[in-house]
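The values are calculated or read from the model by the stated rules, or taken from the named source; none is laboratory data. Predicted model only: the values in this text are computed from it and were never measured. Cβ sites come from the backbone with ideal geometry, for glycine too, and all protein chains shown count toward neighbours.
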Amino acid sequence: MAVISTIGFGVKASLGDPTRELAGDAASQVEREALRARLGLDDPWSVQYARFLGNAVRGDLGTSYVFKRPALEVILSKFPATFELVLAASLIVALLSLPAGLYCALNPNSIAARAIMGLSVLGISVPIFLTGIFAITIFSVELGLLPSFGRGETVAIGPWRTGLLSADGLAHLVLPAMTLSSIMLPLFIRLVRGQMLDVLDQDFIRTAWAKGLPPWRVWLSHGLRNAAIPLVTLGGLQLGTLLAYTILTETVFQWPGMGFLFLDAVNRADVPLIIAYIMVVGAIFVTINTLVDVLYVLIDPRVSLGVQAR
Amino acid sequence: MRLWLMALVLVASLGIASSAGAKTLRLAYDADPISLDPHQQLSGGTLQLSHMVFDPLVRWRKDLSLEPRLAERWEQIAPNVVRFYLRRGVTFHSGNPLEAKDVVWTFNRLKQSPDFKGLFEPFEAARAVDDHTVDLVTKGPYPLILNLATYVFPMDSVFYSGKDERGRDKSELVKHGASFASDNVSGTGPFTITEREQGIRLVFKRFDEYWDRDSPGNVSEIVMTPIKEGPTRVAALLSGDVDFIAPVPPADLQRLKASDEIVLITMRGSRVVTLQLNQDRVPQFRDKRVRQAIVHAINNEGIAAKIMRGFATPAGQLSPPGYPGHDDALSPRHDLRHARSLMKEAGYEQGFSVTMLAPNNRYVNDYKIAEAAAAMLAKINIKVDLKTLPKAQFWPQFDARAADIMMIGWYSDTEDSANFAEFLAMSPDKSSGYGQYNAGNYKNPTLDRLVLQSQTMTDKAARATLLQQVERILYEDAALVPLHWQHLAWAARKGVNIEPVINVMNMPFLGDLVVE
């Protein structure tokens, strides 16, 4: 986290001057310089960094220039929106890639399998920005089925505002989640297929067949379980990538999450917000990687933390 | 099943019936106002908000004549004093009555606002004569008192006085950081704010006690959502998720024009986009013939037609039509042959190399315009090394005068010609602030004198003649390269009658909006 903060703070100088955005074109040079001084932007880099670290230790990552509230608070207030979007997209990826990948592995030469693989190439090559706009054009503008932007109605559960509990909120979630998942889905279909093909070729599967087990047990309990380890590793890592792609998805759909906030902050050179975002996302990455390690234990029969497996 | 359907239809029709009296307008702009304090930032967003929650003393009509608002009438009682008679029976959202003291209070606050005080520099004071009469007094004779009165949106001085529960002075004007006025508002305007989630939504409700009983406006609620991406904003309108959008991205104009369910309105705006040739950095630019050659090499019409898709009016001068300094004779002058011969005459037939900087998210199609201009200059052998930057990074570079050619767009806050010259063309002078955006470093004492002279002339006709002379000097000197005036566009679904309420200042008067 220390490294992340240094890098985040290091690029600060090249992020631009926030005072123009804050003061407007017609404000005089003198006014802008006064504002710079008030924001402490004129101090040497080391002084600014020391001040930043001192405050960061106390959980204060600075005050957003635009929102005029603590940057961390602003970011965290947008976290539920991004979390729900990533969650929905991951669910779509998981629910579609497993059956599709399995199908392709079991019937590699069927027409349907070839169609799925072909489409997945297309999915990988279309930029997410375009996917989003296509989805809006087809489902909102032409068919009028789904809302085109925003999060819709949300329900507050404590500090967490969720869109998952209202029909309107769910309807708003469909297109962004679909779009976001489109970037991962092809990858995972290919991964599931590849892993399964590998595993199905191994000796213990032949043994399982020889034992006379029903096909679903061979495929799922023996095949998929052994294919799952790389899937989980990659899934964890790709969750981070998914988080990165929320920046584009949220911008296309005006989804009020952290990614949208980040791009907006970059445009306005809202430096405290940019740094806070980098720190929060860094923390999320660290957490996810830790979780992935823990998940290994649960899935891989060969890894254990000293607890006797069955 | 059928019963269920019938119930659904019934519920739906009830919903329609109950909403017949109450009209909700769902509005999508590209951004929402960053503060509710009308004096915190001088920007389009702030002024648009001010016209919804406050009322100005006077406002511009579509034809740029002045319409009385909170000032019922006014008279010039001395060369430097205009007396405003306030409308009676106007109340603020808090219930307090509007009085002369509120205008004086607001004026004094404007004089302290870092963003607005420049505009009000020529003013000396506002003085209450009685409860409903105010004098605006300038330091000397000043021709634009009424232009500036469009910026005076009286605030509720009683509401904004004292301390709030956190012990902050309610009148405090904080540029960076929270204040009472950035989150609370009491004006006289047609709408009050009922809900605000910054960056997500802003909900307005019509003010029951609104003074303007003659206003045809029938919108009882406005839900404003910022949608930053142009294509998404357009899609939201086309899919019926919102009723009214602005701005409309040029790429979508044809598509919206073709739609039967959408009303699209475009208008020539008054923001001029120009290129500045830095004479400090490039000795060749000090030669008038080279500057002339560049002006002749740039095909303004081509840029307006091809890159802006007709969404701009080619400009040969800074002042748009309707401004006092505008001279119809000063038209764009694309002539490549002449440009080449000028270069030859100046001894630069072989050309030279320069650098150029332009923003890529500030003006409509800014970076494409810059690319086109660079290609056009290549035809007279001026090799341009172009760099485009996001605006947040562009402005520091602009201030450092970091390139030989700069792109800049300018909008005159006073709706007057002198403002263009003061910021873009007068000799740069740190102490007076004139020429702050003159990145060409063009210096002409005659021009400086004329512009300063125009500031104290109250004879409109004579002043117009003088400002036209300023434009002619800039034209003949090719002091800078005007490209075009950017157009404005709004779109709404049919039935939202936006045409009467929009204007060239891009401040829709939503209080007067009629929705069928």
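A search for C-beta distances below 6 Å between a residue of the stretch A:67-89 that is within 14 Å of chain B (Cβ to nearest Cβ) and any residue that is in a helix (DSSP H, G or I) and surrounded by fewer than 24 Cβ atoms within 10 Å (Cβ to Cβ), counting only pairs 6+ apart in sequence or on different chains, returns A:Ile75/A:Val280. Selection within the stretch B:175-186: residues that are within 8 Å of another protein chain (Cβ to nearest Cβ) and touching a residue at least 24 places away in the same chain (Cβ under 8 Å). The member of this set that is surrounded by the most Cβ atoms within 10 Å (Cβ to Cβ) is B:Lys175.
Would you say B:Pro390 is within 14 Å of chain A (Cβ to nearest Cβ), touching an Asp or Glu at 6+ places or on another chain (Cβ under 7 Å) and not charged (D, E, K, R)? No, not satisfied.
Considering only the stretch B:507-516, I want to know if a residue exists there that is outside any helix (DSSP H, G or I), closer than 24 Å to B:Met308 by Cα and touching a residue at least 12 places away in the same chain (Cβ under 8 Å). Break it down stepwise before answering.
The first filter runs over the stretch B:507-516 and keeps only residues outside any helix (DSSP H, G or I), leaving B:507-509, B:513-516.
Subset that is closer than 24 Å to B:Met308 by Cα: B:507-508.
With the extra rule that they be touching a residue at least 12 places away in the same chain (Cβ under 8 Å), the set shrinks to B:507-508.
Within the stretch B:507-516 (the criterion being outside any helix (DSSP H, G or I), closer than 24 Å to B:Met308 by Cα and touching a residue at least 12 places away in the same chain (Cβ under 8 Å)), the answer is yes, since at least one residue qualifies.
Just wondering, is there one or more residues in the stretch A:242-251 that are surrounded by fewer than 17 Cβ atoms within 10 Å (Cβ to Cβ) and under 16 Å from A:Gln202 (Cβ atoms)? Let's see the steps before the verdict.
Taking the stretch A:242-251 and keeping what is surrounded by fewer than 17 Cβ atoms within 10 Å (Cβ to Cβ), we get A:244.
Still in the list and also under 16 Å from A:Gln202 (Cβ atoms): none.
No, the stretch A:242-251 has no match at all.
Condition (residue is in contact with an Asp or Glu (Cβ under 8 Å, 6 or more places away or on another chain), buried (at least 18 other Cβ atoms within 10 Å of the Cβ), touching a residue at least 60 places away in the same chain (Cβ under 8 Å) and in a helix (DSSP H, G or I)) applied to the stretch A:176-196: is it met by at least one residue?
Narrowing the stretch A:176-196 to residues in contact with an Asp or Glu (Cβ under 8 Å, 6 or more places away or on another chain): A:176.
Within this subset, residues satisfying the condition of being buried (at least 18 other Cβ atoms within 10 Å of the Cβ) are A:176.
From what's left, touching a residue at least 60 places away in the same chain (Cβ under 8 Å): A:176.
Applying the additional criterion that residues be in a helix (DSSP H, G or I) yields A:176.
For the stretch A:176-196, residues in contact with an Asp or Glu (Cβ under 8 Å, 6 or more places away or on another chain), buried (at least 18 other Cβ atoms within 10 Å of the Cβ), touching a residue at least 60 places away in the same chain (Cβ under 8 Å) and in a helix (DSSP H, G or I): present.
Conditions tested, residue by residue: (1) crowded, with 23+ Cβ neighbours inside 10 Å; (2) under 26 Å from the mean Cα position of the chain (by Cα); (3) within 24 Å of B:Asp413 (Cα to Cα).
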{"residue": "B:Leu237", "(1), (2), (3)": "yes, yes, no"}
{"residue": "B:Thr266", "(1), (2), (3)": "no, yes, yes"}
{"residue": "B:Leu275", "(1), (2), (3)": "yes, yes, yes"}
{"residue": "B:Gln279", "(1), (2), (3)": "no, no, no"}
{"residue": "B:Val282", "(1), (2), (3)": "no, no, no"}
{"residue": "B:Ala293", "(1), (2), (3)": "yes, no, no"}
{"residue": "B:Gly302", "(1), (2), (3)": "no, yes, no"}
{"residue": "B:Lys306", "(1), (2), (3)": "no, yes, no"}
{"residue": "B:Gly310", "(1), (2), (3)": "no, yes, no"}
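Please verify whether the stretch B:419-426 includes one or more residues that are without any contact (Cβ under 8 Å) to a residue 24 or more places away in the chain and in contact with a strand residue (DSSP E or B) (Cβ under 9 Å, 6 or more places away or on another chain). For the stretch B:419-426, residues without any contact (Cβ under 8 Å) to a residue 24 or more places away in the chain and in contact with a strand residue (DSSP E or B) (Cβ under 9 Å, 6 or more places away or on another chain): present. Evaluating A:Ala89 against the criteria (1) outside any helix (DSSP H, G or I); (2) touching a Leu at 6+ places or on another chain (Cβ under 6 Å) leaves one unmet condition, (1). Considering the stretch A:100-154, the residues that are among the polar types (S, T, N, Q) and surrounded by fewer than 19 Cβ atoms within 10 Å (Cβ to Cβ) include one that is farthest from A:Leu173 (Cα to Cα), namely A:Asn109. Among the residues that make up the stretch B:397-404, is at least one of them out of contact with any Phe, Trp or Tyr (no Cβ under 9 Å at 6 or more places or on another chain) and under 30 Å from B:Met507 (Cβ atoms)? Yes, that holds for at least one residue.
Here is a check on your reading of the model: is B:Gly189 buried (at least 16 other Cβ atoms within 10 Å of the Cβ) and modelled with pLDDT of 95 or more? Quick ask: steps written out before the conclusion?
Values: buried (at least 16 other Cβ atoms within 10 Å of the Cβ): yes; modelled with pLDDT of 95 or more: yes.
It is true that B:Gly189 is buried (at least 16 other Cβ atoms within 10 Å of the Cβ) and modelled with pLDDT of 95 or more.
Restricting attention to helices (runs of 4 or more DSSP H) lying wholly within the stretch B:162-269, give those where 1 or more residues are outside the structural domain of B:Val501 (by TED's automatic domain parsing) and of a type in the set (D, E, K, R). Walk me through it before giving the result.
On the way: elements: B:180-183, B:230-238, B:253-258.
Answer list for the stretch B:162-269: B:180-183.
So, in the stretch B:111-135, exactly how many residues are in contact (Cβ under 8 Å) with a residue 24 or more places away in the chain, within 14 Å of chain A (Cβ to nearest Cβ) and charged (D, E, K, R)? Looking only at that region, the number is 1.
Looking across the stretch A:44-66, the residues that are over 26 Å from the mean Cα position of the chain (by Cα) and either assigned to a loop (DSSP other than H, G, I, E, B) or free of Cβ contacts under 8 Å to residues at least 12 places away in the same chain (or both) come down to A:Pro44, A:Ser46, A:Val47, A:Ala50, A:Arg51, A:Gly54, A:Asn55, A:Val57, A:Arg58.
Restricting attention to the stretch B:312-327, report how many residues are assigned to a loop (DSSP other than H, G, I, E, B) and either not small (Gly, Ala, Ser) or not assigned by TED's automatic domain parsing to the domain that holds B:Ala478 (or both).
Taking the stretch B:312-327 as the starting set, the residues that turn out to be assigned to a loop (DSSP other than H, G, I, E, B) are B:315-327.
After this cut, where a residue has to be either not small (Gly, Ala, Ser) or not assigned by TED's automatic domain parsing to the domain that holds B:Ala478 (or both) as well, the list is B:317-318, B:320-321, B:323-324, B:326-327.
Count: 8.
The one condition from (1) closer than 27 Å to B:Ala373 by Cα; (2) modelled with pLDDT of 95 or more; (3) of a type in the set (Ser, Thr, Tyr) that B:Tyr437 does not meet is (2).
Across the stretch B:95-120, the number of residues qualifying as over 18 Å from B:Ser161 (Cβ atoms) and loosely packed, with under 15 Cβ neighbours inside 10 Å comes to 0.
Just checking, how many residues over the stretch B:194-214 are more than 14 Å from every other protein chain (Cβ to nearest Cβ) and farther than 16 Å from B:His93 by Cβ?
Narrowing the stretch B:194-214 to residues more than 14 Å from every other protein chain (Cβ to nearest Cβ): B:194, B:204-214.
Going one step further and asking which of them are farther than 16 Å from B:His93 by Cβ, we end up with B:213-214.
Adding up the residues that qualify gives 2.
Table: residues versus (1) aliphatic (A, V, I, L, M); (2) over 22 Å from B:Glu415 (Cα atoms); (3) out of contact with any helix residue (DSSP H, G or I) (no Cβ under 9 Å at 6 or more places or on another chain); (4) assigned to a loop (DSSP other than H, G, I, E, B).
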residue: B:Leu64; (1), (2), (3), (4): yes, no, yes, yes
residue: B:Glu67; (1), (2), (3), (4): no, no, yes, no
residue: B:Arg73; (1), (2), (3), (4): no, no, yes, no
residue: B:Ile77; (1), (2), (3), (4): yes, yes, yes, no
residue: B:Ala128; (1), (2), (3), (4): yes, yes, no, no
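Mind listing just one residue for me: the one in the stretch B:371-380 that is surrounded by 16 or more Cβ atoms within 10 Å (Cβ to Cβ) and free of Cβ contacts under 8 Å to residues at least 40 places away in the same chain and, of those, nearest to the other protein chains (Cβ to nearest Cβ)? In this case the residue turns out to be B:Glu371. Residue selection: A:Ile116 satisfies the criterion of being in contact (Cβ under 8 Å) with a residue 60 or more places away in the chain and either away from chain B (no Cβ under 14 Å) or charged (D, E, K, R) (or both).
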